[in-house]
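Pasting a structure below so you can have a look.
Please treat every number below as a calculation from the coordinates, not as lab data. What you see is a predicted model; the values in this text were computed from it and never measured.
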């Protein structure tokens, strides 16, 4: 799996037009969701974080602390994932 992630990282890091426009917490939420769902096989979340940081040229900082804080959000624990789902459903319905 490491070879696949490295290849993806190399291919995508060459595309300077890819910019993460969401918040760092949103990207951290996505990383954890992909890892926990086994959508991306990795040894741990940090392996995925390193790839995403490289692709999007961001520093996500202390992801474990950010994840811990997500558990105690008053407006819901999966704000970004909920928004993704709503946006996708709206797009599909419009087509």
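For Cα pairs less than 8 Å apart in space and 6+ apart in sequence, what is the mean separation divided by the residue count of the chain, i.e. the relative contact order in percent?
Here the relative contact order equals 31 percent.
Please work out how much length the chain gains when fully extended from residue 74 to residue 8, using 0.36 nm per residue of separation minus the C-alpha to C-alpha distance, in nm with one decimal.
That pair, residue 74 and residue 8, stretches by 20.2 nm at full extension.
Please work out how much length the chain gains when fully extended from residue 59 to residue 87, using 0.36 nm per residue of separation minus the C-alpha to C-alpha distance, in nm with one decimal. Spell out each step's value before the answer.
On the way: separation 28, 0.36 × 28 = 10.08 nm, distance 2.59 nm.
Going from the current span to full extension adds 7.5 nm.
Report, to one decimal in Å, the Kirkwood hydrodynamic radius for the chain based on all distinct Cα pairs.
14.5
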